[in-house]
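Colleague: Please find one structure pasted underneath; my questions will follow.
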Amino acid sequence: MKKIFTLLSISLLVLACGSSKQNSTTNTTTTAPKPAVDAKTYATTITSAELKEALYIYASDEFEGRETGQVGQKKAAKYLKNYYVESGIPSAKADGDYFQNVPLEISAPPKVNFNLNHKNFNAIDDFVSIVSTKDGGINAEEIVYAGFGIEDEAYSSYNGMSIKGKVILIKSGEPKNEDGTFVISGTEESSKWSKMREQFKAKRNVAINKGAKAVLFYYPETYTMIASRFGSPKGRMSLKDSDVESMYFFLINTSVAETILESIETTDENQTIKMPIQFDYLNASDAFNSENVAAYIKGSEKPDEIIVISAHLDHEGIKNGEIYNGADDDGSGSVALLEMAEAFKMAANDGHGPKRSVLFLHVTGEEKGLLGSQYYTDYDPIFPLKNTVANLNIDMIGRTDPKHDELNERNYLYLIGSDKLSTELHTISEEVNKKYTKINFDYTYNDDNDPNQFYYRSDHYNFAKNNIPVIFYFSGTHVDYHQPGDTADKIEYDLLETRTRLVFYTAWELANRNDRIIVDKITD
């Protein structure tokens, strides 16, 4: 851990002493000019040695893989808190508590007896419930097919049709024109109605607002992935919500979808299908708590404007007796935040604190569905989202991936999201890198059509969905991704140092520029 008495403080002292000596011979009083603030003075205090020291602790067996809500995760949260306390960096919360309580629950797969057209279907194999729903069931004689399930100024799947109290069937995606452009945007750019995470929420909300009793959602591209997560015998973790929905929401496979409408792949027009459907639904859940860890440096001129730097503190825990240490995922991001916080603290101690406040936010439950960041943005933001200027999110920046290994290119970093909401943020990011770190930015995963959809898979997304500009820093997956082999000895600490400094420089620029960055690409 660094001493908070910095090189700049020493240089000021030397200058002052030199001035005093000169005064004794000339009998004149002068004041040494205050040196210009150079971000490098503080960025260079972020070192591979200190990152390594912290990560060997944070990704050690002592923290038992940091599974959300478990003993090891709570040890990790306490470690982060103590680090901030010892560094003199205050809590972001008004009550002085570094922990933001995050209420969670584990819901085992509900017991569902599902019968369609006098045929029984099986949970996980054929359908999966993806929304916590009240106990009960359905007994209906018809199903309303509502195509893409869209209600938009440019296109409606419902055309004024009433679905109140009905079971509806919808499918993924959105309509296209004959020339291949999207009907809603009129361009080749898709909308929220077909983007992975966004369409679930958008289409569900339309159905809720229209009074649907149950939704059967046909999304074959994601069925296997989502069924494995929501259908795990261990149960699915989610934020605890006292307002449990009364609408049932099922993801269904092709067999169920085509039983209802054989031509679902090619038919978009809404219609009512006479077909009996019955199911009984019984929930099972256990409540518990986890915590985000939040520290901050208060801004000197614009304290109400916030730059959020985030990383997730959790990992996979222990599986089959093996500890998943998560050194890269996301120990690398976690210790990067600690080093950047110390650098900003040193600047503040020297009288060069950031103009805007900087929040260092370690979120829990990322591996369980971005739960800690969702709680922060959707339920209990410590600072108003309208005052949040940008989110710089770090998730895995400590190694190289197979693609760049093959190219023999180490000095790279994937950037995701920098241009999606603010052209200015993207420009600043590029300029900062060109001036200071000269990392080769790889925007492969920034493509909306990239099959990995990483833009929706880490904590920045919960800020982005609220129209807060984001940058997601990521060095790619590797053979040890979500495996016991993700250990501290495999981290490339020189790269971790350079990449951490990049994020620091970017945060420094965002925090100290005269004007708040402009959001010029608002989403719905």
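Colleague: Within the set of pairs 6+ apart or on separate chains, which have a first residue in the stretch 284-304 that is under 30 Å from Pro110 (Cα atoms), a second that is assigned to a loop (DSSP other than H, G, I, E, B) and among the charged types (D, E, K, R), and C-beta atoms under 8 Å apart?
Modeller: So the pair list comes out as Ala287/Lys240; Ser290/Asp314.
For every residue, the table says whether it meets (1) of a type outside the set (Ser, Thr, Tyr); (2) buried (at least 21 other Cβ atoms within 10 Å of the Cβ); (3) in contact with a Pro (Cβ under 9 Å, 6 or more places away or on another chain).
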{"site": "Met396", "(1), (2), (3)": "yes, yes, no"}
{"site": "Leu407", "(1), (2), (3)": "yes, no, no"}
{"site": "Gly417", "(1), (2), (3)": "yes, yes, yes"}
{"site": "Asp450", "(1), (2), (3)": "yes, no, no"}
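Colleague: Could I ask something else about it? Within the stretch 341-376, take every residue that is among the hydrophobic types (A, V, I, L, M, F, W, C) and under 28 Å from Asn289 (Cα atoms) and give me the one that is farthest from the chain's Cα centre (by Cα).
Modeller: Only one residue tops the list, namely Ala341.
Colleague: Among the residues of the stretch 57-79, write down those that are buried (at least 23 other Cβ atoms within 10 Å of the Cβ) and either within 14 Å of Leu337 (Cβ to Cβ) or among the hydrophobic types (A, V, I, L, M, F, W, C) (or both).
Modeller: Tyr58, Ala59, Phe63, Ala76
Colleague: Moving on. Which one is nearest to Glu305 (Cα to Cα) among residues in the stretch 372-394 that are surrounded by fewer than 24 Cβ atoms within 10 Å (Cβ to Cβ) and of a type in the set (A, V, I, L, M, F, W, C)?
Modeller: Step by step, filter the stretch 372-394, then rank; the result is Val389.
Colleague: Within the stretch 224-269, how many residues are of a type in the set (Ser, Thr, Tyr) and within 19 Å of Pro103 (Cα to Cα)?
Modeller: 2
Colleague: Just to be sure before I move on: is Val215 touching a helix residue (DSSP H, G or I) at 6+ places or on another chain (Cβ under 6 Å), under 29 Å from Tyr375 (Cβ atoms) and of a type outside the set (D, E, K, R) in the structure I sent?
Modeller: Answer is yes for this residue.
Colleague: Does the stretch 134-144 hold any residues that are touching a Lys or Arg at 6+ places or on another chain (Cβ under 9 Å) and either assigned to a loop (DSSP other than H, G, I, E, B) or not hydrophobic (A, V, I, L, M, F, W, C) (or both), and which are they?
Modeller: The answer is Glu141, Glu142.
Colleague: Could you count how many residues in the stretch 171-207 are in contact with a helix residue (DSSP H, G or I) (Cβ under 7 Å, 6 or more places away or on another chain), hydrophobic (A, V, I, L, M, F, W, C) and either free of Cβ contacts under 8 Å to residues at least 24 places away in the same chain or over 17 Å from Glu265 (Cα atoms) (or both)?
Modeller: Count: 1.
Colleague: Further, regarding this structure: Do we find a residue being in a loop (DSSP other than H, G, I, E, B), farther than 21 Å from Thr267 by Cβ and touching a residue at least 24 places away in the same chain (Cβ under 8 Å) anywhere in the stretch 150-163?
Modeller: no
Colleague: Please give the number of the condition Gly369 fails out of (1) surrounded by fewer than 24 Cβ atoms within 10 Å (Cβ to Cβ); (2) at pLDDT 95 or above; (3) in contact with a helix residue (DSSP H, G or I) (Cβ under 9 Å, 6 or more places away or on another chain).
Modeller: For Gly369, the exception is condition (2).
Colleague: Does Ala54 satisfy being surrounded by fewer than 12 Cβ atoms within 10 Å (Cβ to Cβ), assigned by TED's automatic domain parsing to the domain that holds Ile307 and modelled with pLDDT of 55 or more?
Modeller: no
Colleague: Give the stretch 424-445 a look and list any residue that's aliphatic (A, V, I, L, M) and within 20 Å of Asp515 (Cα to Cα), or say none.
Modeller: Leu425, Ile428, Val432, listed by residue number.
Colleague: Next question. Of all residues in the stretch 146-160, which are within 13 Å of Lys203 (Cα to Cα) and small (Gly, Ala, Ser)?
Modeller: Correct list: Ala146, Gly147, Gly149, Ser156, Ser157.
Colleague: For the stretch 412-524, give me every one of the helices (runs of 4 or more DSSP H) that falls completely inside it and has 2 or more residues that are touching a Lys or Arg at 6+ places or on another chain (Cβ under 6 Å).
Modeller: Result: 493-512.
The values are calculated or read from the model by the stated rules, or taken from the named source; none is laboratory data. Quantities reported herein were computed from a predicted structural model and do not represent experimental measurements. Positions of Cβ are generated from backbone atoms using ideal geometry, with glycine treated the same way; all protein chains shown enter the neighbour counts.
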